[in-house]
Each structure stands twice: as structure tokens, then as C-alpha cells.
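Asks: Before I ask anything, let me first share the structure, which is written out below as C-alpha cells.
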Amino acid sequence: MRQLFYLIMGERNSTMKSRVELLAPCGGYESFLAAVNAGADAVYLGGKAFGARAYAENFSEEELITVIRQAHLFGVKVYLTVNTLVKQRELFDLCSYLSPLYSEGLDGVIVQDMGVLACLKRNFPGLKFHASTQMTITGAYGAAFLKELGCVRVVPARELSLAEIRAIKREVPIEIEAFIHGAMCYCYSGQCLMSSMIGGRSGNRGRCAGPCRLPYRTAGKEGYFLSLKDMNTLEHIPELIEAGIDSFKIEGRMKKSEYVAGVVSVYRKYIDRYYEDGGFRTEQRDRDILSGLYLRSETGDGYYTKSRGKDMLTIKKPGYDEADQELLRKLRERYIRELPKKRIRISARCREREPLCGEVCFTDRETGKEVCLSVQGAAAERADRRAVSGEEMERQLIKTGGTSFEVEKCSVDVSENAFVPMSRVKELRREMLQKIYEYYGAGNIGEQEKRTGEEERMAGAQAKSGDVRESFSLTILVQTKEQFEAVFPGIKKEEYLILDADLLLEEKEIQGRLQDSGAHWGIRCPVILRKSDEGFLRDLQRIIEKGNPEIIYCATVDAFAWVRSISYRGQIAGESSLYAWNSEAVFFWGKEMSRVSIPLELDSKEIRELCGAVDQAVCLEAAVYGRTAFMVSANCIKLSAGMCDRDRKRYAELTDRMGNVFPVYTNCSHCYNIIYNYLPYACHDSLWMLFQDGIRAFRIELTTESGTEAGEVVQTFRKLSASIWKGKKSGREKGKIAGMETTQGRFRRSVE
């Protein structure tokens with residue numbers, strides 16, 4: 001068995017644990033000022049592109065450079081959010097976007113897209129990568145895989161308990177960044193397509209429309225069943241620190257600067273108190289500050305101490321209470337102000353026919369020691385008419401307006417006959433200030449020569465399945481025994497029958513029937529794997545080793561990393577939620593897996609662009625029928641509505657304001673819900689377009705269908721596939737499938 005966990009603890013010195021980092025959100029420059037003045041150790045923010053908060057104010061390139069420079073003067077780190085999924089046409093802007101920020105010493109980037117990670121890792125040596133919570137990392141398998149890829153930090157799913165976080169820290173030498181305060185998504189981050197599919201605004205692109213904050217009906221009750229309370233963990237700071245969390249992350253890039261100031265200042269106070277005297281008792285006035293800052297009527301401690309429950313939701317009231325205006329005024333006065341200038345001392349020497357010399361000295365904030373940095377300019381000239389005076393040079397050298405510096409002392413040594421133009425004196429001053437910025441982190445300038453940027457030729461993936469464009473397959477995923485019985489007898493040689501892992505463990509005789517039939521078959525892993533699934537995974541591994549399935553489907557990084565860690569040597573396929581929006585991501589996953597799924601959020605034009613940019617040896621598979629998984633959640637609709645029956649096979653229902661009924665799959669074996677679209681997704685009338693794009697693997701995903709419906713769906717796509725494979729474009733069909741209304745999802749419409 002491949003050993004995935006890191007057992008050598010030498011990489012981590014447990015006796016020298018550093019203080020936890022307090023990480024603040026910055027939606028705009030005022031929020032940055034508030035964060036630094038209130039005591040943040042680091043900030044995370046986004047530019048005008050590639051960030052998962054498209055509706056925040058965000059920063060221009062010039063503003064980002066200013067923020068990096070100012071932050072570093074105060075010992076504050078800056079992490080850039082590059083945590084959206086990137087379309088093919090956007091890919092080549094990525095390096096030019098990041099290049100000037102990398103040169104300024106950007107401390108790290110937060111990424112979701114594996115293509116983005118691969119591209120930036122190749123082009124920016126030494127850049128630190130943080131795996132976004134959008135990657136849905138739920139355990140040590142996923143964390144270890146990201147560590148292997150070069151990530152120094154992971155932001156795990158917010159649904160993890162403190163015990164699960166401790167387990168990751170125990171088993172993998174990687175930093176953990178965890179949310180401690182702010183709004184909570186109902187869905188596992190990175191697993192939500194509801195806003196995208198209904199309104200064309202993708203949460204994976206930072207444009208979520210917030211459908212979880214709307215009212216729904218279930219079990220005869222109406223309420224805000226998808227609206228979680230805001231997180232407030234002030235009382236749990238000691239437990240969070242002792243769990244091994246390295247960075248405390250505050251949510252709120254869409255919130256006002258006063259919110260940032262208030263939350264940061266309160267958490268700063270109690271983090272320091274914990275380290276300084278070990279005592280810990282929160283004061284009512286500080287709890288009042290947090291309750292007066294744009295919070296919902298009630299708050300909770302998230303998933304750290306509980307796994308699910310009605311009391312985690314704001315079922316009756318999803319909106320925010322009115323903020324305390326007097327509190328906001330006081331916070332603005334105290335924290336939202338310009339940062340203090342860094343005091344420096346400058347000296348310069350000007351000698352005839354000698355280089356113009358300058359030296360800048362300052363006290364290092366971290367060490368308390370004096371630092372002196374020297375620069376040289378062009379040689380001074382002999383004065384023809386008038387020599388330069390020390391007073392003239394001093395007036396120019398102390399002009400630091402618009403920068404983060406204040407000259408407290410300036411001395412100039414000028415010889416009698418020396419002359420230098422004031423433009424050179426200004427340049428000397430600029431170089432001295434730049435030296436300070438470089439001292440505090442802008443040390444990647446020389447590295448720019450090493451990267452080849454967008455002109456680098458992207459390496460193609462080595463396919464694991466031969467000449468895939470000359471083969472053809474239809475994959476059928478079944479979730480129930482009834483569906484299996486309807487599909488299995490007529491399975492064809494070019495088809496793959498994939499069984500839900502839970503079904504396979506429940507119906508043990510199915511495996512023998514599959515092996516005896518000689519049919520191509522495989523297993524679909526659970527969408528979410530947690531620490532509590534260890535026993536299930538041992539049972540599943542025994543089935544895999546005994547039955548030797550030809551292919552295993554994985555929906556998340558943790559599931560993929562687990563399959564990769566066992567003795568299985570067959571094919572691995574990624575579902576659509578292992579996102580591959582661009583050729584870099586396809587190449588990355590193509591080296592790891594036999595099949596890469598076309599994302600459900602791409603339209604027909606974007607699919608064509610992606611296919612055209614991908615090596616023909618990569619097997620691209622398209623989901624052509626199924627109910628789109630809108631949300632995957634740790635909370636349970638049945639439990640919240642008071643109708644828990646622990647029956648995985650009986651779907652709950654969720655009805656929206658328009659009367660649309662969404663089936664909810666409640667998987668009690670692994671404690672997650674999947675909210676599916678109210679209509680199945682089907683591209684039966686566009687199958688020929690996918691075929692023209694070079695896609696030869698089509699996937700049917702059965703969920704709520706009866707055995708009869710399942711058989712009709714499969715038969716329809718068998719006929720269509722055979723017709724198209726024979727070159728008959730007329731194989732298109734319109735209308736219903738198995739008597740059911742369907743939707744084409746995003747295929748005909750682009751998503752923002």
C-alpha cells in the first residue's frame with residue numbers, strides 16, 4: 001500500500017509552535033487600513049480578476065502594490081485570492097496579472113483551480129500556495145496530496161470538527177487555516193452550483209446570488225432551511241489554538257471596513273490574552289461589539305463542536321440585524337485612518353567625479369535593531385557655473401509625500417565644486433526607498449528572468465487509455481438496486497456500469513454477478529469522505545482488492561487521494577466537481593487520471609475552446625444526462641424539518657418560491673445531503689456537438705429515476721450514440737426523455 005501519511009515528524013517541531021496568525025479580509029483599501037490598525041497579522045484580498053468575491057470593491061494593480069509595500073513595513077503578510085475557476089480564454093492573462101505582485105514580494109496566493117496552481121507553480125519560483133476552502137478538503141488524504149503538490153497551507157472545509165482538524169495536523173505537516181468568524185455557506189464550499197444553474201451567477205466564479213438565504217418549504221413547513229447562522233468562536237479561542245490551527249481566518253471581504261476593524265480588534269485582544277497570561281474570560285462589552293457588527297440575530301460556533309442540527313440555522317430570520325451606528329462611528333474614528341509613517345534617517349555624499357552615494361537607516365520592527373542600506377548613483381560632475389548645495393539636496397531628499405516614510409533626520413556631505421542635477425537626487429531618493437521595500441519582502445525581482453510566462457509551451461498529458469479519440473464509451477452510474485436491475489441485463493461491450501459505493505456494500509451479491517458477466521464495471525466513491533468514514537473505506541478497499549473494478553469515479557480531492565493511496569491499479573475518473581475549466585487543469589488531471597470530466601458550468605462555445613486546446617490523448621468525458629447536484633451539505637434537511645428517518649433511499653423534497661421541487665438525497669451513511677435540480681440535465685439534442693468537439697466518452701447519472709425510467713433513458717442514449725458514431729448527424733432528438741421534462745443546464749447559456 002502506498003503510504004500517504006507523513007510519519008516523520010522532523011518536518012514539524014512540535015515544541016516550537018509559533019503564535020497563531022490572525023488573518024483579516026480586505027474588500028477595499030479602507031478595510032486594509034482597519035485590519036492593520038486593529039492588529040491583524042495578515043490580510044487576504046483580491047484584485048480585479050480571478051478572485052472569489054467579484055462584487056467586493058477589490059484592488060487595482062497599483063493599489064495592490066501599495067498595500068503589499070505598506071503591509072510589509074508593519075510586519076503584515078498579504079495573501080492574494082486567485083481562487084476562482086479560470087476559463088480557457090482567461091488563462092493567458094494569469095501570469096501577467098500576478099507578475100508585478102510577485103516582484104513586490106507577495107506572501108502567498110489562495111487557489112482553487114488545479115490548472116492555476118500548476119501554471120503559477122511553474123512560472124513563479126518560490127511563490128507560496130494556499131489551497132482554498134473551495135477545494136473541499138475534508139481530511140488527511142486530500143491535505144497530504146496538496147502538500148505533495150507544493151502547497152504550504154490548506155483551508156479545509158468549514159464543516160470539519162476540531163477533532164478532524166487535530167487529526168490532519170497530526171498526520172500531515174502542513175499549515176491549517178480555518179475560519180473563526182463570519183457568514184457560513186450551507187453547502188460545502190466548491191460543491192455549490194445552485195446560483196450558477198438557476199441564475200447564471202457562479203459561486204465558483206465569485207458571483208454567488210445567495211440562494212441559500214431564500215425561503216423554502218419541506219415536510220409541510222416553510223422557513224429558511226438553507227440559511228446557517230454566522231460563526232462566532234470568540235469563546236473557543238483556547239480550543240482552536242490547541243487544536244493546532246495555524247491561521248485564524250475572518251470572513252468578510254464583502255463587509256464594511258468598520259466590521260473588519262471591530263472583529264479584528266476583539267480577536268486580537270483575546271488571542272494576545274491567551275498567550276500572555278493563559279487566563280481566558282471574555283467581557284460583555286467585547287461580545288457586544290461583535291453582536292453589533294452586521295451579524296444575524298443569532299450566532300453559533302459553526303461545525304467545530306457539532307455536526308448538524310436545526311439550532312445551527314436561522315430558519316425564521318435570515319437577514320442581518322441593523323448595525324449599531326454609534327459603534328461603527330467609534331470604530332471608524334479609532335481604526336480607519338492612515339497608517340503611521342515609518343521614520344527613516346537619510347544621508348548622502350556628493351563628490352566631484354565620484355558616484356553619488358546615499359544611505360538610509362531605520363529600526364527593524366521585528367528585531368528592534370538598526371538597519372542601514374546603501375545605494376549608488378551616477379558620478380557627480382564638476383560645476384561649470386554653480387555647484388550644488390547641501391540645502392538643495394536635502395530639500396529633495398526629504399520629499400517623501402505619498403509614500404509610507406517620514407524622514408526624521410537628513411545629512412548631506414557635498415564638496416565645493418560638485419554638481420548634480422536634481423533629477424539624479426530624486427532618483428537616489430527613490431532607490432533608497434525601494435531598498436527598504438526590497439528589505440521587507442520585494443525580493444522576487446531577479447526571479448522574473450527565470451520564468452517564461454505565457455510563452456512557455458505547456459506540456460501535454462500522458463494518457464492512460466490509449467488513443468481515446470478513436471474509441472467510444474457510454475458510462476452509466478446507478479444509485480439504486482432497481483436501476484441496476486433495469487440496466488444490467490442489457491449492458492453492452494462498449495459500456496461501463498458504475499455502482500454507487502454504498503449500493504455495492506449493501507447489496508453484496510451484485511459484485512459476483514458483475515464479475516461473472518464479464519461486463520466493464522466500476523465504483524463511484526462517496527462525494528464526501530470524513531474521519532468517520534475510515535471503517536467504510538476499509539470495507540470498500542477489500543471489495544476493490546477482491547473484485548478489481550476497472551474504473552473508480554471520484555468527486556473530490558480526498559476521494560481521489562484515497563484511491564491513489566491504496567493498492568488499486570485500475571483507471572481513476574474524475575467527476576465534474578474535480579474541476580477542469582482550462583487546458584492546464586485538464587493536463588494536470590490527465591496525468592493523474594484516465595478520464596477528465598467536462599465541467600457542467602461551461603457552455604457549448606467554451607467546451608469547444610477547451611477541447612481544441614487539449615491534447616488528443618486526454619480522455620474527456622461529458623455528463624449527458626442526470627440531475628445536477630446543486631448543493632452538497634453536512635447539515636440535513638430531514639433533521640432540520642424534524643422528520644429524520646435515516647432512510648438513504650427515500651428522498652426528501654425542498655420546494656422554492658416558484659413551486660419547483662428539488663429532490664434531496666440524505667446519505668446517513670456518510671452524513672451529507674445532496675440537493676438536486678428539480679429537472680434532469682439532458683443534452684440528447686446536442687450530443688452530436690460534443691462528438692464533433694472530440695468527446696468520445698458520455699456519462700449518464702441516474703438518481704431519482706425508477707427502474708423503468710432508467711431503462712428508457714439508457715436506451716435513448718444508446719440509440720443516439722450509435723447513430724452519431726456512424727456519422728448520422730440526424731440522430732438528434734427533441735422533447736422529453738422517458739416522459740420527463742429536462743433542462744440543458746448551462747450548455748446553451750454562459751455563466752458569469
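The values are calculated or read from the model by the stated rules, or taken from the named source; none is laboratory data. None of the values given here were measured: they were computed from a predicted structure. Cβ coordinates were reconstructed from backbone atoms using ideal geometry, including for glycine residues, and neighbour counts include every protein chain displayed. Quick note on the areas: whole protein, heavy atoms, side chains included, nothing else; ligands and nucleic acids left out. Shrake-Rupley method; radii C 1.70, N 1.55, O 1.52, S 1.80 Å.
Asks: Could you work out [θ]222 nm for the chain from helices alone, using -39500 (n - 2.57) per DSSP H run of at least four and dividing by all its residues? Round to the nearest 500 deg cm²/dmol.
Replies: Numbers: 23 runs with 234 residues, N = 752.
About -9000 deg cm²/dmol.
Asks: Considering all alpha-carbon pairs of segment 54-115, what whole percent are spaced by more than 13 angstrom? Can you show the working numbers first?
Replies: Details: 1261 of 1891 pairs.
Of the Cα pairs, 67 percent sit more than 13 Å apart.
Asks: Moving to a separate point now. Determine the gain in length on full extension of the stretch Ser706-Glu276; use 0.36 nm per residue of separation and subtract their C-alpha separation, reporting nm with one decimal.
Replies: Details: separation 430, 0.36 × 430 = 154.80 nm, distance 6.30 nm.
Extending this stretch completely gives an extra 148.5 nm.
Asks: What percent antiparallel are the DSSP beta bridges of the chain, to the nearest 5? Working shown, then result.
Replies: On the way: 38 of 108 bridges.
The antiparallel proportion sits near 35 percent.
Asks: Distance cut-off 29 Å, Cα to Cα: go down the list Lys306/Lys649; Lys481/Lys736; Lys229/Lys269; Lys87/Lys128; Lys306/Lys546; Lys128/Lys426 and report the pairs above it.
Replies: On the way: Lys306/Lys649 25 Å; Lys481/Lys736 24 Å; Lys229/Lys269 24 Å; Lys87/Lys128 23 Å; Lys306/Lys546 37 Å; Lys128/Lys426 35 Å.
Checking Cα-Cα distances, Lys306/Lys546; Lys128/Lys426 exceed 29 Å.
Asks: Helix 422-439 sits at what angle to the longest principal axis of the chain, using alpha carbons and giving 0 to 90 degrees rounded to 10?
Replies: 50
Asks: So between Arg343 and Lys481, what do we pick up on full extension, going 0.36 nm a residue minus the alpha carbon distance?
Replies: Details: separation 138, 0.36 × 138 = 49.68 nm, distance 7.39 nm.
Full extension from Arg343 to Lys481 adds 42.3 nm.
Asks: Give, in nm to one decimal, the length gained when the segment between Ala163 and Val661 is fully stretched (0.36 nm per residue of separation minus the Cα-Cα distance).
Replies: Working: separation 498, 0.36 × 498 = 179.28 nm, distance 3.64 nm.
Fully extending the segment from Ala163 to Val661 adds 175.6 nm.
Asks: For segment 284-405, with equal point scatterers placed on the C-alpha atoms only and solvent neglected, what are the log10 I(q)/I(0) values from the Debye formula at q = 0.14, 0.19, 0.21 1/Å, to two decimals?
Replies: -0.82, -1.11, -1.21
Asks: Using the crude model of +1 on Lys and Arg Cβ and -1 on Asp and Glu Cβ, and no other charge, please compute the dipole size for the chain relative to its Cα centre, in debye to 20. Walk me through the numbers before you get to the answer.
Replies: Numbers: 109 positive and 105 negative charges, 151 e Å.
The calculated dipole for the chain is roughly 720 debye.
Asks: Could you tell me the largest-minus-smallest coordinate of the C-alpha atoms of the chain on each of the three principal axes, in descending order and whole angstroms?
Replies: Cα extents, longest axis first: 102, 60, 51 Å.
Asks: Go from 0 up to the bin containing the longest alpha carbon distance in segment 642-697, width 10 Å each, and give me the % of pairs per bin.
Replies: P(r) over segment 642-697, rounded to whole percents: 20, 31, 23, 22, 4.
Asks: Still on this structure, I have one more. Rg over Rh of segment 239-314, using C-alpha atoms and the Kirkwood radius, what does it come to? All intermediate terms of the calculation are to be shown ahead of the outcome.
Replies: Numbers: Rg = 13.7 Å, Rh = 14.3 Å.
Radius of gyration over Kirkwood radius for segment 239-314 works out to 0.96.
Asks: Further, regarding this structure: Please label the shape of segment 527-582 as rounded, prolate or oblate, based on the square roots a ≥ b ≥ c of the eigenvalues of the alpha-carbon gyration tensor (a/c under 1.5 means rounded; beyond that, a/b larger than b/c means prolate, else oblate). Could you put the intermediate results ahead of the total?
Replies: Details: a/c = 2.54, a/b = 1.32, b/c = 1.92.
Oblate, because a/c is 1.5 or more while a/b does not exceed b/c.
Asks: Glu431: net charge of surrounding residues, Cβ under 13 Å, Lys/Arg +1, Asp/Glu -1, itself excluded? Intermediate results must be reported in sequence, preceding the final value.
Replies: Details: positive: Arg424, Lys426, Arg429, Arg430, Lys435; negative: Glu359, Glu427, Glu438.
Local net charge: +2.
Asks: Taking the chain as the reference, fit the longest principal axis to its C-alpha atoms, fit the long axis of helix 583-592 to the helix C-alpha atoms, and give the angle between the two in degrees, 0 to 90, nearest 10.
Replies: So the inclination is approximately 60 degrees.
Asks: Quick one, what does Rg over Rh come out to for segment 579-660 if you take C-alpha atoms and the Kirkwood Rh? Mind dumping the intermediate values first?
Replies: Details: Rg = 18.2 Å, Rh = 15.9 Å.
A ratio of 1.15.
Asks: Another question about this same structure. Dividing the alpha-carbon radius of gyration of segment 144-264 by 2.2 N^0.38 Å (N being the number of residues), what value is obtained?
Replies: Numbers: Rg = 16.7 Å, N = 121, 2.2 N^0.38 = 13.6 Å.
Against the compact-globule rule of thumb, the ratio is 1.22.
Asks: Also, I was wondering about something else. Work the Kirkwood hydrodynamic radius out for segment 102-155: mean of 1/r over every pair of different alpha-carbon atoms, inverted, in Å.
Replies: Numbers: mean 1/r = 0.0884 Å⁻¹.
The Cα-based Kirkwood calculation yields 11.3 Å.
Asks: For the chain, with the dipole built from +1 on Lys and Arg beta-carbon atoms and -1 on Asp and Glu ones, taken about the Cα centre, which of Cys357, Trp521, Leu101 lies farthest toward the positive end?
Replies: Of the listed residues, the answer is Trp521.
Asks: Which FRET efficiency value, to the nearest 0.05, do you get for Arg19 and Lys426 by plugging their Cβ-Cβ distance into 1/(1 + (r/R0)^6) with R0 = 35 Å? Don't skip to the end; give the middle numbers.
Replies: Numbers: r = 41 Å, r/R0 = 1.18.
About 0.25, to the nearest 0.05.
Asks: Give me D for segment 610-752 in µm² s⁻¹, whole number, from Stokes-Einstein with Rh from the Kirkwood sum over alpha-carbon pairs, 25 °C and 0.890 mPa s. Intermediate values should be presented prior to the final figure.
Replies: Numbers: Rh = 17.0 Å.
This corresponds to a translational diffusion coefficient of 144 µm²/s.
Asks: Another question about this same structure. With the crude spin-label approximation of a point 7 Å out along Cα→Cβ, what separation in nm comes out for Glu235 versus Val152?
Replies: The answer from the label model is 3.6 nm.
Asks: Skip the ligands, DNA and RNA, and give the accessible area per residue of the chain with a 1.4 Å probe, whole Å². Spell out each step's value before the answer.
Replies: On the way: 30250 Å² over 752 residues.
Accessible area per residue, the chain: 40 Å².
Asks: Still on this structure: Summing Lys, Arg as +1 and Asp, Glu as -1, what charge do residues with Cβ under 9 Å from the Cβ of Thr666 carry, Thr666 excluded? Show your work: numbers first, answer last.
Replies: Working: positive: Lys638, Arg646, Arg648, Arg650; negative: Asp645, Asp647.
Neighbour charge sum, excluding Thr666 itself: +2.
Asks: How fast does segment 686-729 diffuse by Stokes-Einstein, in µm²/s, taking the Kirkwood radius from C-alpha pairs at 37 °C and 0.692 mPa s?
Replies: For these conditions, the coefficient is 289 µm²/s.
Asks: Whenever you get a sec, compute what percent of the accessible area on the chain sits on carbon and sulfur atoms (1.4 Å probe).
Replies: Working: 14070 of 30250 Å².
With neighbouring chains kept in place, the figure for the chain is 47 percent.
Asks: Using the Kirkwood radius over Cα pairs, work out the Stokes-Einstein diffusion coefficient for segment 565-611 at 10 °C and 1.306 mPa s, in µm²/s as a whole number. Before the final figure, lay out the partial values.
Replies: On the way: Rh = 11.4 Å.
Using the Kirkwood radius from Cα pairs, D works out to 140 µm²/s.
Asks: Continuing with the same structure: To the nearest 10 Å², what's Ser189's accessible area with a 1.4 Å probe?
Replies: Accessible area of Ser189: about 10 Å².
Asks: Taking R0 as 22 Å, what's the FRET efficiency between Arg385 and Glu354 from their Cβ-Cβ distance, rounded to 0.05?
Replies: Details: r = 20 Å, r/R0 = 0.92.
The pair Arg385/Glu354 has a calculated efficiency of 0.60.
Asks: Give the share of C-alpha pairs in each 5 angstrom bin for segment 665-710, from 0 to the last occupied bin, in whole percents, shortest bins first.
Replies: Here the calculated profile for segment 665-710 is 5, 15, 19, 18, 17, 14, 8, 5, 0.
Asks: Ignoring everything but the protein chains, give the 1.4 Å probe accessible area of Tyr304 in square angstrom, nearest 10.
Replies: Tyr304 exposes around 20 Å² with every protein chain in place.
Asks: Using a 1.4 angstrom probe and counting only protein chains, how large is the accessible area of Phe536 in Å², to 10?
Replies: That residue has around 30 Å² of solvent-accessible surface.
Asks: Would you tally the net charge around Gly642, using a Cβ to Cβ cut-off of less than 10 Å, leaving Gly642 out, and scoring K and R as +1, D and E as -1? Spell out each step's value before the answer.
Replies: Values: positive: Lys221, Lys310, Lys638; negative: none.
Its environment carries a net charge of +3.
Asks: A further question follows. Taking the dipole about the Cα centre of the chain, with the C-beta of Lys and Arg at +1 and of Asp and Glu at -1, give me whichever of Ala157, Val43, Tyr681 is farthest to the positive side.
Replies: Toward the positive end, the furthest listed residue is Tyr681.
Asks: Any idea what angle helix 94-103 forms with the longest principal axis of the chain, computed on alpha-carbon atoms, 0 to 90 degrees, nearest 10?
Replies: Once rounded, one gets 30 degrees.
Asks: Regarding segment 134-215, what are the three Cα extents along the principal axes, ordered largest first, in Å?
Replies: Principal-axis extents of the Cα atoms in segment 134-215, largest first: 41, 25, 17 Å.
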